[in-house]
Amino acid sequence: MQDSHTAGLDFERHVISLFGKDFKILKWMREGAAKEEVDLSPDLEIEHVESGDVFGVECKYRASHYLGRLPWAKEYQLKKYGRYREAGRPLFIAIGLGGTPERPDLMYCIPAWQAAHTMLDADRLKRYRRDPQRKFRWDARERRLI
C-alpha cells in the first residue's frame, strides 16, 4: 500500500498521459503540500493548442468511497479552487477511484463548479464518468474537458 502522496503523484502522471499532442502542459505543481496551501494553481495547467484555451486540472485519487460519499477536498482547497476560477480559467477535477493510481477502475472529470463541497455524492458523479484510459478532448465551444 503506497502513501497518499505517492499515489497522488502516480495518478497525476496517469492523467498527464491522457493528454495527447493537442495539448501542452504549462505547469505541473509537484512541490508538495507546503506550496499547495499558498499557491492558487491546481495540479496541472494545460493549454489546448488549437484554441489557445488554458485550463486547470486538479487530480485526486481515492481507493474507495465511503457510504456513497467521496471526500475529495478540504475547505481551504475549495477556496483556492474558487479563486482560480474567479481568475477566469476553467477548472476540472479528475478523480480516479479504485484499482491503482496508474489504472483506476473508475474515472471522473468534473467541472469545479459542480464540486463545490468537500464530499461528493457517488451517484451524482455518474454523469461525469469517463473511460480511465481514453485520451482527453477539448470542446472549445463549451470550454469543457471531455
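Taking DSSP loops as anything outside H, G, I, E and B, show the longest stretch in the chain free of trypsin sites (Lys or Arg not before Pro) there with at most 10 other beta carbons within 10 Å.
Between the exposed loop sites, the longest stretch runs 22-133.
What range in the chain is the longest one free of GluC sites (Glu not before Pro) that are in a loop by DSSP and have at most 13 other Cβ atoms within 10 angstrom?
Numbers: sites that count: GLU31, GLU50, GLU142.
With GluC sites (Glu not before Pro) excluded where exposed in loops, the chain gives 51-141 as its longest stretch.
Hey, which of these cross-link pairs are over 24 Å Cα-Cα: LYS60/LYS126; LYS21/LYS80; LYS21/LYS74; LYS74/LYS135; LYS60/LYS80?
Details: LYS60/LYS126 16 Å; LYS21/LYS80 29 Å; LYS21/LYS74 33 Å; LYS74/LYS135 28 Å; LYS60/LYS80 15 Å.
Table pairs above 24 Å Cα-Cα are LYS21/LYS80; LYS21/LYS74; LYS74/LYS135.
Suppose a student asked you for the relative contact order of the range 69-146, using Cα pairs under 8 Å spaced at least 6 residues apart; what percent would you report?
Working: 99 pairs, mean separation 24.6, N = 78.
Dividing the mean separation by the residue count of the range 69-146 yields 32 percent.
Using the charge dipole of the range 1-134 (Lys, Arg: +1 at Cβ; Asp, Glu: -1 at Cβ; taken about the Cα centre), state which of PHE92, ILE25, LEU70 has its Cα farthest towards the positive end.
Positive-most Cα among the choices belongs to LEU70.
Run the quick spin-label model on GLU47 and GLU75: label points 7 Å from Cα toward the beta carbon, then report their separation in nm to one decimal.
With each label placed 7 Å out from Cα toward Cβ, I get 3.8 nm.
With label points built 7 Å along Cα→Cβ from the Cα atoms of THR118 and ARG13, find their separation and express it in nm.
3.1
Percent relative contact order of the chain, based on C-alpha pairs within less than 8 angstrom and at least six residues apart? Present the calculation step by step, with values, prior to reporting the outcome.
Numbers: 252 pairs, mean separation 34.1, N = 146.
In percent, rounded to a whole number, it is 23.
Using only the alpha carbons of the range 93-146, determine the length spanned along each of the three principal axes and report them from longest to shortest in whole angstroms.
34, 27, 15
Using a simple charge model, +1 on the beta-carbon of Lys and Arg, -1 on the beta-carbon of Asp and Glu, nothing else, what dipole does the chain show about its Cα centre, in debye to the nearest 20? Walk me through the intermediate numbers first.
Details: 27 positive and 23 negative charges, 84 e Å.
Around 400 debye, computed over the chain.
Work out, step by step, the length gained on full extension between ARG134 and ILE25: first 0.36 nm times the residue separation, then minus their alpha carbon distance; give nm to one decimal. Let's see the in-between values first.
On the way: separation 109, 0.36 × 109 = 39.24 nm, distance 1.76 nm.
Separation in residues times 0.36 nm, less the Cα-Cα distance, equals 37.5 nm.
Starting from the Cα gyration tensor of the chain, multiply each eigenvalue by 5, take the square root, and state the resulting semi-axes largest first in whole Å.
Semi-axes from the Cα gyration tensor: 21, 18, 16 Å.
Bear in mind these aren't lab numbers, they're just calculated from the coordinates by the rules spelled out. Quantities reported herein were computed from a predicted structural model and do not represent experimental measurements. Neighbour counts are summed over all protein chains in view; Cβ atoms, including those assigned to glycine, are modelled from backbone coordinates with ideal geometry.
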